[in-house]
Amino acid sequence: MKKGFTLIELLIVMVLVGVLVTVALPKYYSSMERGRAMEGINNLRAASDLVNSRYIMNDNSYPAASSYTSGGKLTGDFTKSVYFSTPMVTSSSAGTVEIIIVRESGEYTLKATNSDGELKYMTCVPSSSDLAANKKLCENIGFELSGSNYIMSLN
């Protein structure tokens, strides 16, 4: 009797490996994107801490957006960003500040809303108008659909 594997046995193993790879790849990609999104979330939290410290130093009111930025970008001690843009203050009033950070691939934008010296919540804004793609993208990185927005509540 010959030793070795038959062609049928090898084909069955190849089909099983193909099925396992097909099942595992989407989970792998979503976990990789979740890790990349943490870079943006951490930088957004650091930017919020910077803005909220200025709120306290300015007698409990946020200074004008231009006082935080250099060329429109927030100046502060942030992690070197590989997958996201530098945080930017988009609006500032006496009681509220919004900070955004954009994914370099353009898939989504993360927005932090600060009010009365606290980071209240973060919002994920996908660039795609496809509802199914939006749901999958923002939910995979930890945001929940609340009304028409994907929000990460911090309370």
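General remarks:
- Counting only residues at least eight positions apart within a chain, or on another chain, the lysines with an alpha carbon under 26 Å from that of Lys135 are Lys27, Lys111, Lys120.
- 0 to 90° range, to nearest 10: angle between helix 131-140 axis and the chain longest Cα axis: 80 degrees
- Carbon + sulfur, % of accessible area of the chain - ligands and nucleic acids excluded, 1.4 Å: 59 percent
- Computed over the range 44-155: relative contact order in percent, which uses C-alpha pairs under 8 Å that are six or more apart: 20 percent
- Heavy-atom surface of the range 25-85, accessible at 1.4 Å and reported per residue (Å²): 59 Å²
The values are calculated or read from the model by the stated rules, or taken from the named source; none is laboratory data. In this text, all values refer to a predicted model and were calculated from it rather than measured experimentally. Please note that ligands, DNA and RNA were not included when accessible areas were found on the heavy atoms of the full protein model with its side chains. Shrake-Rupley method; radii C 1.70, N 1.55, O 1.52, S 1.80 Å.
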